[in-house]
Amino acid sequence: MFHSYLNGLMLGAGLIIAIGAQNAFLLAQGVRREYHFQVAAVCALCDAVLVCAGVFGLAVLLAESPLLLSVARWGGAAFLGWYGVQALRRALRPAGLENGKEERARSLASVMMMTLAVTLLNPHVYLDTVLLIGSLGAQQTEPGAYALGAVSASITWFFGLAMGAAWLSPWLARPTVWRFIDLGIAAMMLTIAAGLVMQQ
């Protein structure tokens, strides 16, 4: 049982720690100190649902449905492209978070919707979390323990990232530093979107 748990923990950590759209969004929310723990909770919950779904059967369904993957691919490319352009626009006129009225004005509901979009409209979450983690989990002697290990990695990482970003917020929120953060986020989102569009 512990061996299966450890396998899930290590694979989950290896995949989730790679900086991607979801992590970039959570990092930005942590630096803003804007609902960052709620965002971390939603990210962890989505990961838990997708990991369990993959381990207990959804991985097979997705692998056999090119249509579902294609819909996720094009929808994800459009959303990530839009989000990348927004980050690029912010980088061209940095004001620092203390002056960011537009950022402070967002409601909890709108931030939660953005979190769900960044998480669920990115096809990589299905390829990594459902297909890869799920298909390997289905082969474990204790799939439940494996799923718990992968979910533990998600919870630890997301809440750690939220707390770390909030703690560093006074330094990271300066206009010059925030410009580089936004440029990095824009580059990442647009690169992922372009990769999805060019994918065969």
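The values are calculated or read from the model by the stated rules, or taken from the named source; none is laboratory data. Remember, predicted model here, so these are calculated numbers, not experimental data. With ideal geometry, Cβ positions are generated from the backbone for all residues, glycine too; neighbour counts draw on all protein chains shown.
Looking only at the stretch 156-168, decide whether some residue is polar (S, T, N, Q) and either more than 20 Å from the chain's Cα centre (by Cα) or modelled with pLDDT under 85 (or both). Steps first, answer last, please.
Quick first cut of the stretch 156-168, residues polar (S, T, N, Q) only: 156.
Still in the running and either more than 20 Å from the chain's Cα centre (by Cα) or modelled with pLDDT under 85 (or both): none.
Checking the stretch 156-168: not a single residue is polar (S, T, N, Q) and either more than 20 Å from the chain's Cα centre (by Cα) or modelled with pLDDT under 85 (or both).
Every residue in the stretch 135-164 that is outside any helix (DSSP H, G or I) and in contact (Cβ under 8 Å) with a residue 60 or more places away in the chain, please.
Ala138, Gln140, Thr141, Glu142 - these are the residues of the stretch 135-164 that are outside any helix (DSSP H, G or I) and in contact (Cβ under 8 Å) with a residue 60 or more places away in the chain.
Return the residues of the stretch 102-121 that are assigned to a helix (DSSP H, G or I) and modelled with pLDDT under 80; say none if nothing qualifies.
Of the residues in the stretch 102-121, the ones assigned to a helix (DSSP H, G or I) are 102-104, 108-120.
Once the filter is applied, which keeps residues that are assigned to a helix (DSSP H, G or I) and modelled with pLDDT under 80, the stretch 102-121 yields Glu102, Glu103, Arg104.
Regarding the stretch 122-130, can at least one residue be identified that is in a helix (DSSP H, G or I), buried (at least 18 other Cβ atoms within 10 Å of the Cβ), modelled with pLDDT of 75 or more and more than 16 Å from the chain's Cα centre (by Cα)?
No: the stretch 122-130 contains no residue that is in a helix (DSSP H, G or I), buried (at least 18 other Cβ atoms within 10 Å of the Cβ), modelled with pLDDT of 75 or more and more than 16 Å from the chain's Cα centre (by Cα).
Scan Leu50, Leu6, Leu11, Leu45 and give me the residue that is within 24 Å of Pro143 (Cβ to Cβ) and crowded, with 22+ Cβ neighbours inside 10 Å. Talk me through it step by step, then tell me what you get.
On the way: Leu6 fails: crowded, with 22+ Cβ neighbours inside 10 Å; Leu11 fails: crowded, with 22+ Cβ neighbours inside 10 Å; Leu45 fails: crowded, with 22+ Cβ neighbours inside 10 Å.
One residue alone meets the criteria, Leu50.
How many residues are surrounded by fewer than 17 Cβ atoms within 10 Å (Cβ to Cβ), assigned to a helix (DSSP H, G or I) and at pLDDT below 65 if we restrict to the stretch 57-101?
Residues meeting the conditions: 5.
Looking only at the stretch 1-53, how many residues end up being basic (Lys, Arg) and modelled with pLDDT under 85?
Of the residues in that region, 0 qualify.
Do we find that Gly137 is in contact with a Gly (Cβ under 9 Å, 6 or more places away or on another chain), modelled with pLDDT of 85 or more, of a type outside the set (Ser, Thr, Tyr) and surrounded by 16 or more Cβ atoms within 10 Å (Cβ to Cβ) in this structure? Don't jump to the end; show me each part of the working.
Working: in contact with a Gly (Cβ under 9 Å, 6 or more places away or on another chain): yes; modelled with pLDDT of 85 or more: no; of a type outside the set (Ser, Thr, Tyr): yes; surrounded by 16 or more Cβ atoms within 10 Å (Cβ to Cβ): yes.
No; evaluated as a whole, the condition is false for this residue.
Conditions: (1) closer than 17 Å to Ala41 by Cβ; (2) touching a Lys or Arg at 6+ places or on another chain (Cβ under 7 Å); (3) not hydroxyl-bearing (Ser, Thr, Tyr). Pro123 meets all but one. Number of the miss?
Of (1) closer than 17 Å to Ala41 by Cβ; (2) touching a Lys or Arg at 6+ places or on another chain (Cβ under 7 Å); (3) not hydroxyl-bearing (Ser, Thr, Tyr), only one is false for Pro123: (1).
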